[in-house]
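Below: the structure, in structure tokens.
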């Protein structure tokens, strides 16, 4: 078989893994009501999502660095196997506690799928071809994200919720076979070095404490309870120890010298801030459409479709444009689009039309598409090939961490403003004081009463107004962060993409010229 045919098989396997990873992040949500009805465990419902997010996020840099040290194929296959074993066990779960545990295992494997997949593309292709391929992979991610909620609902309603997890198995096995057969083991292995176990342990503890503190703080709308303060204090205390270990390690988990590169620093800053703004706000757009405007859950979810389509279209476009105009111009244009989208989101009110909502989220999708893929390409071309896996995983890691921080901060802002509005409402609600006071003490109940008709008719209008004002605060926070992200975009070095590329080792026979 020719080298070109072998490479095509590897690319197909990578596309399959990226499709599975993207779909798994959305497919479970629509099936969860059915899962709860089958397994019970409503009290730990949210941990089905938290466990997956936690392990997949923490493991991203670990997978990237291990692929640098041990080779792409071996590390990639271990990650795929963990993902498939976790998927199978999720489908076999007999309790919600088991499902949470197995989702954590599934997330551990999922952390490798996109991270190493994007790194393999960096191994196989030079700058021009790599730019096109990263755009196509972003399209695969977009299609999977759109299909996930629909497929989850169809499988849960017409087959079994267990097939939400089992469906990963045949496609994952095909992807593993393609990677095992087509990808050479010696792509990036140059020498045997010890693995940074102490750094990995400290990193896992630090980021786990940070994420748990952020998620609990945003969910509880209180940052002063002992668990939140303890988790965040633990993260702050462990971070200096992690940095000290990485400085002395022979093969550090996160090579700190990467941050000497202006491009890596720019990618970390822009990815974190753009992820914080957009992924924080995107969680609340369906809530606004459903609970404030008054639509069905399906209609609210469909408003996000233009966001994904805009992201995919501009990802493909931007991957080509950066070769002509450079990274900075494209990223700045993306940040301008994202900031303008937040200006418009902050103007939403109860009279919002579907056309206006589609326009605003489409503009946000354009912005994200112009930011994320160009920065990934930029980082991959700014670092030596020996650090390609670590640099690629760091780019994705900062975006995900930014999203987690954004969701926590914006969730706290919304809950605080809701509580303030409901306390004022309960003071003058007369006979309706009891229900208004319950909403003031537990603002997370707002969606169920509005969508299921359980709210007293006289409270519907004032509660919707209160929610609109609370979500206005969320979008204003997003606007402030997007303005900071726009400033960070000017950290991206100016110049042509080819001129900014790092001196790389001579291309091996496995790379496309």
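Of the residues 6, 496, 73, the one with the fewest other Cβ atoms within 10 Å heads the list, and the complete ranking is 496, 6, 73.
Relative contact order for segment 278-423: what percent, with Cα pairs under 8 Å and sequence separation of 6 or more?
Result for segment 278-423 is 34 percent.
With the cut-off at under 19 Å, measuring from each backbone N in segment 127-145 to a point 7 Å along the Cα-to-Cβ line of residue 317 picks out 131-143. Model label points for residue 349 and residue 37, set 7 angstrom from Cα along the Cα-to-Cβ axis, are 4.0 nm apart. Distance between the modelled labels on residue 476 and residue 177, one decimal in nanometres: 5.8 nm (7 Å Cα→Cβ projection). Highest mean packing comes first when the peptides 205-211, 109-115 are listed by Cβ atoms within 10 Å, giving 109-115, 205-211.
For the residues 63, 348, 161, what sequence is obtained by ranking on other C-beta atoms within 10 Å, fewest first? Spell out each step's value before the answer.
Details: 63 27, 348 20, 161 24.
Sorted ascending by nearby Cβ count, the order is 348, 161, 63.
Tell me, what is the percent relative contact order of segment 196-250, built from C-alpha pairs under 8 Å that lie six or more residues apart? Relative contact order here is 50 percent. Placing a label point 7 Å from the Cα of residue 201 along the Cα-to-Cβ direction, the residues of segment 223-257 whose backbone N falls under 19 Å from that point are 234-254.
In terms of other Cβ atoms within 10 Å, 257, 472 run from fewest to most in the order 257, 472.
Peptides 359-369, 169-179, 268-278 ordered by packing proxy, namely the average of other Cβ atoms within 10 Å per residue, highest first: 268-278, 359-369, 169-179.
FYI, it's all coordinate maths here, none of it is from the lab. Note that this is a predicted model, so its numbers are computed, not measured. A quick note on method: Cβ atoms are made from the backbone with ideal geometry, for glycine too, and the neighbour counts reach across all protein chains shown.
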